[in-house]
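Undergrad: To start, I am sharing the structure in question, which I have written as structure tokens.
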Amino acid sequence: LQEQIRKSDTLNVVGELAAGIAHEIRNPMTALKGFIQLLQGSVKEDFSNYFNVITSEIKRIETIITEFLVLAKPQAMRYFRQNVIGIMHETLELLGAQALFQNIQFLTEFDEEEFLIYCEGNQLKQVFINIIKNALEVMPDGGRIYIKAKRENQDYIRISIEDEGPGLPEEKLKKLGEPFYTTKERGTGLGLMVSYKIIEEHNGLVEVESEEGKGTTFHILLPFGFGG
Ligand code: ADP
Ligand code: MG
């Protein structure tokens, strides 16, 4: 069961719009947060439940904004040749605590310890984080996540992230990467859209393989170099 993803045209428009709006929303959010904190300190009656809801909803808005901002072009986009395995190690370190907490083991299989590719390191790291986080989130009872990297051919590297989650039926597989598609109560449905967009900008490709009851594997194919 395989689905190749190419949803580029809509993504470009969405991306540019999103970036603009996200920047505009950030500033008022900061003000809101500050004043709510002030209020919380000076209100006498016990409104702590309300404050908890407000704070958690503000956090949610911030998450959505942050995920959208990954699509923003400007800032410090720095493409250069760097070791994608190093980026993956950093990612696994970042998610290590959550994995440990959930009794999940990361098993890595890197054919080489150095694969130099021309890329934007922070954005690639964001892709790895998004996909591995999803894997963690579909394995509440623990298990293993396999992370592999190997040379596909002369031009491409294949990075695979394989989980032991519930897997996906075909109709859901098709929905992956659609903006706001989520099955989680507190999900944003933006992580994969952003990830696909980033991989596309690297002239790469994402393939998803899934089998119900067994798990899901995300394959990321990235060219070693691409003019730029
Ligand atoms: P979110 O994580 O906020 O829901 P994503 O874009 O990261 O948004 O993922 C969208 C949806 O894709 C998830 O809600 C889930 O239903 C599905 N999904 C993503 N990764 C996996 C996976 N490894 N196994 C099963 N389902 C997945
Ligand atoms: Mg996610």
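Throughout, read-outs are computed from the coordinates displayed, never taken from laboratory work. Values in this document were obtained by computation on a predicted structure and should not be read as measured data. Counting neighbours? That spans all protein chains shown, and the Cβs are built from the backbone with ideal geometry, glycine included.
Undergrad: Scan around R144 for amide H atoms under 5 Å from its own, H built in the peptide plane at 1.01 Å from N, and keep only partners 5 or more places away or cross-chain.
TA: Q105, E164
Undergrad: Say each of F51 and L32 gets a label point 7 Å from the Cα, pointing the same way as Cα to Cβ; how far apart are those two points in nm?
TA: 1.8 nm
Undergrad: Follow-up question, since we're still on this one. Under the definition of Cα pairs under 8 Å and six or more residues apart, what whole-number percent is the relative contact order of region 158-215?
TA: Here the relative contact order equals 48 percent.
Undergrad: Moving on to the next point. With labels modelled as points extended 7 Å from the Cα through the Cβ direction, what inter-label distance (nm, one decimal) is found for L94 paired with H23?
TA: Label at L94, label at H23, 2.3 nm between them.
Undergrad: Okay, next question. Rg and Dmax of the chain, using alpha carbons, in Å: what are they?
TA: 19.2, 68
Undergrad: Loop-only check: which trypsin sites (Lys or Arg not before Pro) in region 137-228 are DSSP coil with at most 16 other Cβ within 10 angstrom?
TA: Sparse-neighbourhood loop trypsin sites (Lys or Arg not before Pro): K174, K175, K184, R186, K214.
Undergrad: By how many nm would the segment from D111 to K150 grow when fully extended, if each residue of separation counts as 0.36 nm and the alpha-carbon distance is taken off?
TA: Additional length available on full extension: 13.5 nm.
Undergrad: Let me ask something additional. Starting from 0.36 nm per residue, how many nanometres of slack lie between K175 and E207 once their C-alpha separation is accounted for?
TA: 10.2 nm
Undergrad: Could you calculate the contour length gain from R78 to R60, that is, 0.36 nm times the residue separation minus the distance between their Cα atoms, to one decimal place in nm?
TA: Difference between extended and current length: 3.6 nm.
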